[in-house]
Structure formats: C-alpha cells, structure tokens
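Participant: The structure's right below; bear with me while I get my questions together.
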Amino acid sequence: MDFCKKVALCAGFANSFAVIKLEKCSMSIDRGTSGNSMADLYDKCDKFWDRIRKLMGEHFEVGVATFFREFPVVNCLPEVVINGETHLQVATNDYLGLATHPDVVRAATEVVETAGVGTPLGARPLTGNTSMHLELEAKLAAFRRTEGALVFNLGLGAMTGTVACMVDRGEKVFVDKYAHGCISDGAKLCKGEAYWFGHNDLEELEDQLRKCPLDQPKMIAVDGVYGMTGDLAPLDKLVELKHKYKARLFVDDAHGTGILGEHGRGTPEFFGVEDEIDLHGGTFAKSFGTFGGYLCGPQKVLDYIKFVSPGFVLTKALPGCITNATIKSLELMQSMPERRVQLWKNLTVLRDGLSAAGFNIGEPQGAVTSIFTRGMTALAAVKLLETKHKIIVNNVMYPAVPYGTSIIRITASALHTTDQMQRLVDAIVDVSQETGLLASNEAASLKANSPMLNEELS
Ligand SMILES: Cc1ncc(COP(=O)(O)O)c(C=O)c1O
C-alpha cells in the first residue's frame, strides 16, 4: 500500500460515515489559486461547515446540537438519566443487553484487577499476543464455522483493511451503495477497481459482473443487515451470483450477528448459506456489547491479512479486559436464546404498532427500525420525543442517509419490555401531529419502492 493510501486509510478510520473522496496521488504540487489569496490546507474545514449550514438551513443549530451530546456512561440500558430525568432509551446497539451483563462485567474486572486496563501493551505480532486473544479467535471461528478468525481493535479496521488488502491491482470489488462506510472506504483504498451497485439491486450487480472477465479475481462486498434501513442483503441470491461469476463474497454482519438465525449466527445462518460466505466480518460493539471487531475465513487469508492490514499489524492489541469480556459475551449469546426471543417480541410490537398507525417503515428484518422522512422532519420529531415524552431515539441525516432525507432510527434491545415499545409507538403517533411526521414519511415512501433506493450517497 503506498504512502498516500495509508494516510487516507487513517482518515477513513477516523470518519466511518463521511463519504470520503480519494484523489489519486500526484507528484505535482498545487501552490494555491492563481489570484492573490493563497489556498490553505485548513480551508476545507470552513467549506465543510458552509455545506452543512446550507443543507440544514434554519435547522442548523438544533441539528448540530444533536451530535456529540453528553450521555451517561451507562447509556445502553432501557432507562437512562439525562439532566436528572429518566428517559426511555431506544438508540444504542446493545441488541441483546450484554453490555451490562454481570458475567461480562466480571470477566473484564478480573483482568483489570490482575493485569491493568490497557494490557497487553504492544501489537499482536510482537508482544501483544495472549492466550485470551487466541481463545477468542478459536471460539469465534467455531461460532462462524470457519477455519480461523482474527480479532481487530475495531470493526471498522477489520472491514476497511480486509477490502483494501484483498482487492489488488487488476482485481475488482463490487459494493452495495448502502454498505457501511468502512467497506466503501476499503474499496476506495484498494489498488483494484471499485464499483458500487444500487442498494440490493442484483440486476445492476449482475450487469457489472457480466462485464468483468470470469478469470479476473473479484469480490462482492455487502452488509448482512443494513444499518440505516434494517433490511437484509439477499445472501442466497448473492451466493448464486458469486458462483456464476466466480467472485468471493465478503459479508459484514455487524448488525445481524446475535440477532438473526436460529442460533444467532446472523444473516448467513438466516439464509442457510453460512458455508458459502468467503469472508465474514463483524464488530463486538453491537450485540456482543463490548468493543473491537473480527474477520473470519480461511486460515490462508487470515495469515496474509495479519501481516499486511495496518488495522491489525500496526496497532496495539485489543486490551485483555475487553477480550475476556467478549469471550464471555460470545458464550452468553449462544447460551441465552431467550434474549433473542424477547428482542423479537419487542420488535414485533414496535413494528406492528407503527404500521397500524400508518407509517411506512420499509421491510426491516434486522433489529434496526427506521422511519424515513423527507427533509429534516425526523429532527423535529426526535427533538419532541425527547422534550415532551422523555424518549431518546436517533436522528440520522446526510451523509449517513441520502441527501434530502432524514430518518428516525430506533434500536430496541432484549432488555426493553413490550410495554415500553407501546409507549414509544404512542409517543411517535403523538409527535406526528405536531411535526407532520406521517405526511413526511409518506412523501419519502412515494419515491420508488423505498424512499432511499436509487438515490446517490454523494
Ligand atoms: C455495518 C457496520 N460495520 C462496521 C461498523 C464499525 O464497527 P466498530 O464500531 O467496531 O468500528 C459499524 C459500526 O457502526 C457498522 O454499523
């Protein structure tokens, strides 16, 4: 990987959802504009805010204030206290409620008490490889039914690095437009050619694949569950395409793992194609309730990635306390199916309630439920849900969703009750009257088969 790409990779790590445009490196140096004023490296900072200000118009102050708010450290329980008031929280991704499970906490505490917080120091290839990391990798590989697994410090690093390192010069990668920014960044950073196809648009994907020689190495890269829409990649059909066009299939199942499939093995299990996925990526920062990421696949690939992917080889090892806690949460994920059952009960009450009230929520099959709106309506509704009903849900805007849309993004957990879901539905119906949410949702839904389909992310 050349220097410029490494630098851009770091930029990508720092900003998973901004759509980063990578310019090819050039030896010529631009000394500024031809006029008197010199261009400055920092100009882009002002330009960024000018663009956001224009985009958000009168909503700028309120919209920006929804980001980087101060939250309590325990932010993932169904009820959280903000400014002394108890709020119903439906905005984090602790889908199975494992982040605060006593066994997970104990597993971390045991390590902290005996070994410290950040230990082991050092990168995995040198001093940072411990029996805990190896145990977690062995257990993950068994869970994923792959030859091996690698544990990364971030899901983002696992995905970006894998796509960037696996797709070389003369090779191709085909990415769903709604795939998480970390996959797209990997595609932008790789030395091969990258193509994006419309969200779940298999015809467009097949057109792109058809134009690529059969013997040219290629990767199809998708999310198992799309984090903004909650719908699934049709893995069964993607497996057919990968066979037909001799591609490798990489699935980032950050949002599906622990949630989907009879045993919680995620979107591949749900579709019955676990053994057909070439590379499985994921994060521990959602249903595992801890921190870090992973890649599972053939040992041959892992032995390569672990020497060439900067996000693995050039960084300190995941702390032992997190590693040990993740071993425990992986065990609980498999031994507590009742958590999955409760989560799905909650999702059913929530989705049935919203649909009965007339909302179009698309076709979510993962644990994310989104109400699409045109313009900034979601922002007003989210604000009112908090001030009037003491309910915290997420407002998501461009560039995480297409320009001109915003969504109310709801992520329930297994710790919620169905009564809490009903309270949420009632509150959404109530704020809809003041904010025009239902009409805005309808306007958004009139666009194609889904409000967000066929719109460019940039
Ligand atoms: C689909 C998907 N992949 C990867 C990531 C990144 O994972 P991590 O937070 O572990 O870096 C996320 C996080 O939002 C995600 O939603």
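Participant: It is to be established whether one or more residues within the stretch 170-181 are among the small types (Gly, Ala, Ser), part of a loop (DSSP other than H, G, I, E, B) and surrounded by 15 or more Cβ atoms within 10 Å (Cβ to Cβ).
Facilitator: yes
Participant: If I filter the stretch 151-167 down to residues being under 11 Å from Phe312 (Cα atoms) and part of a loop (DSSP other than H, G, I, E, B), which single residue comes out as farthest from the ligand (Cβ to nearest atom)?
Facilitator: Once the filter is applied, the top-ranked residue is Asn153.
Participant: Quick check: anything in the stretch 323-345 out of contact with any strand residue (DSSP E or B) (no Cβ under 6 Å at 6 or more places or on another chain), of a type in the set (Gly, Ala, Ser) and within 15 Å of the ligand (Cβ to nearest atom)?
Facilitator: Within the stretch 323-345, one or more residues are out of contact with any strand residue (DSSP E or B) (no Cβ under 6 Å at 6 or more places or on another chain), of a type in the set (Gly, Ala, Ser) and within 15 Å of the ligand (Cβ to nearest atom).
Participant: Separate question: I'd like the full set of residues that are under 27 Å from Val104 (Cβ atoms), buried (at least 17 other Cβ atoms within 10 Å of the Cβ) and away from the ligand (no atom under 14 Å from the Cβ), limited to the stretch 307-318.
Facilitator: Of everything in the stretch 307-318, just one residue is under 27 Å from Val104 (Cβ atoms), buried (at least 17 other Cβ atoms within 10 Å of the Cβ) and away from the ligand (no atom under 14 Å from the Cβ), namely Ala317.
Participant: Right, here's the next one. Within the stretch 29-58, can you find the residues that are at pLDDT below 90, among the hydrophobic types (A, V, I, L, M, F, W, C) and closer than 21 Å to Pro399 by Cβ?
Facilitator: Hits for the stretch 29-58 are Ile52, Leu55, Met56.
Participant: Looking at Ala149, Ala187, Ala141, Ala164, can you tell me which residue is crowded, with 21+ Cβ neighbours inside 10 Å, closer than 24 Å to Ser287 by Cβ and of a type in the set (Gly, Ala, Ser)? Working first, answer last.
Facilitator: Working: Ala187 fails: closer than 24 Å to Ser287 by Cβ; Ala141 fails: crowded, with 21+ Cβ neighbours inside 10 Å; Ala164 fails: closer than 24 Å to Ser287 by Cβ.
Answer to the selection: Ala149.
Participant: Report whether or not Leu88 is more than 19 Å from the chain's Cα centre (by Cα) and either among the hydrophobic types (A, V, I, L, M, F, W, C) or not in a loop (DSSP other than H, G, I, E, B) (or both).
Facilitator: Numbers: more than 19 Å from the chain's Cα centre (by Cα): yes; either among the hydrophobic types (A, V, I, L, M, F, W, C) or not in a loop (DSSP other than H, G, I, E, B) (or both): yes.
So Leu88 passes the test.
Participant: Same structure again: Applying the selection to the stretch 249-287, what residues are surrounded by 24 or more Cβ atoms within 10 Å (Cβ to Cβ), within 11 Å of the ligand (Cβ to nearest atom) and either part of a loop (DSSP other than H, G, I, E, B) or more than 19 Å from the chain's Cα centre (by Cα) (or both)?
Facilitator: Those that are surrounded by 24 or more Cβ atoms within 10 Å (Cβ to Cβ), within 11 Å of the ligand (Cβ to nearest atom) and either part of a loop (DSSP other than H, G, I, E, B) or more than 19 Å from the chain's Cα centre (by Cα) (or both): Asp253, Ala254, His255, Gly256, Thr257, Phe284, Lys286.
Participant: If you don't mind, another one. Determine whether the stretch 173-195 contains at least one residue that is closer than 26 Å to Met333 by Cα, among the small types (Gly, Ala, Ser) and within 16 Å of the ligand (Cβ to nearest atom).
Facilitator: First, the residues of the stretch 173-195 that are closer than 26 Å to Met333 by Cα: 179-180, 182-183.
Going one step further and asking which of them are among the small types (Gly, Ala, Ser), we end up with 179.
Adding the requirement that they be within 16 Å of the ligand (Cβ to nearest atom) leaves 179.
Yes - at least one qualifying residue is present in the stretch 173-195.
Yes/no per residue for (1) in a strand (DSSP E or B); (2) at pLDDT 95 or above; (3) closer than 16 Å to Tyr178 by Cα; (4) of a type in the set (Phe, Trp, Tyr):
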{"residue": "Tyr403", "(1), (2), (3), (4)": "no, no, yes, yes"}
{"residue": "Ser406", "(1), (2), (3), (4)": "yes, no, yes, no"}
{"residue": "Ile410", "(1), (2), (3), (4)": "yes, yes, no, no"}
{"residue": "Ala414", "(1), (2), (3), (4)": "no, yes, no, no"}
{"residue": "Asp419", "(1), (2), (3), (4)": "no, yes, no, no"}
{"residue": "Val431", "(1), (2), (3), (4)": "no, yes, no, no"}
{"residue": "Glu442", "(1), (2), (3), (4)": "no, no, no, no"}
{"residue": "Pro451", "(1), (2), (3), (4)": "no, no, yes, no"}
{"residue": "Glu456", "(1), (2), (3), (4)": "no, no, yes, no"}
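Participant: State which residue is farthest from the ligand (Cβ to nearest atom) when the search covers only the stretch 219-248 and only residues that are part of a helix (DSSP H, G or I) and either within 16 Å of Gly186 (Cβ to Cβ) or among the charged types (D, E, K, R) (or both). Even if it seems obvious, please write down each step before you answer.
Facilitator: So the first thing to find is which residues in the stretch 219-248 are part of a helix (DSSP H, G or I), and the list is 235-244.
Adding the requirement that they be either within 16 Å of Gly186 (Cβ to Cβ) or among the charged types (D, E, K, R) (or both) leaves 236-237, 240, 242, 244.
Values: Asp236: 20, Lys237: 20, Glu240: 23, Lys242: 20, Lys244: 26 Å.
Across the stretch 219-248, the extreme among qualifying residues is Lys244.
Participant: Counting only residues that are away from the ligand (no atom under 16 Å from the Cβ), touching a Lys or Arg at 6+ places or on another chain (Cβ under 9 Å) and not aromatic (Phe, Trp, Tyr), how many does the stretch 134-147 have?
Facilitator: Count: 2.
Participant: List pairs: first residue in the stretch 228-248 and without any contact (Cβ under 8 Å) to a residue 60 or more places away in the chain and buried (at least 17 other Cβ atoms within 10 Å of the Cβ), second residue aliphatic (A, V, I, L, M) and in a helix (DSSP H, G or I) anywhere in the structure, Cβ distance under 7 angstrom, at least six positions apart or on different chains.
Facilitator: Every condition considered, the pairs that remain are Leu241/Leu202; Leu241/Leu205; Leu241/Leu209; Tyr245/Leu209.
Participant: Which residue is farthest from the ligand (Cβ to nearest atom), if the candidates are limited to the stretch 198-218 and must be closer than 12 Å to Asp176 by Cβ and in contact with a Lys or Arg (Cβ under 8 Å, 6 or more places away or on another chain)?
Facilitator: Leu202
The values are calculated or read from the model by the stated rules, or taken from the named source; none is laboratory data. What you see is a predicted model, and the numbers here were worked out from it, not measured in a lab. Reconstructed Cβ throughout: ideal geometry from the backbone, glycine too, with neighbour counts over all protein chains shown.
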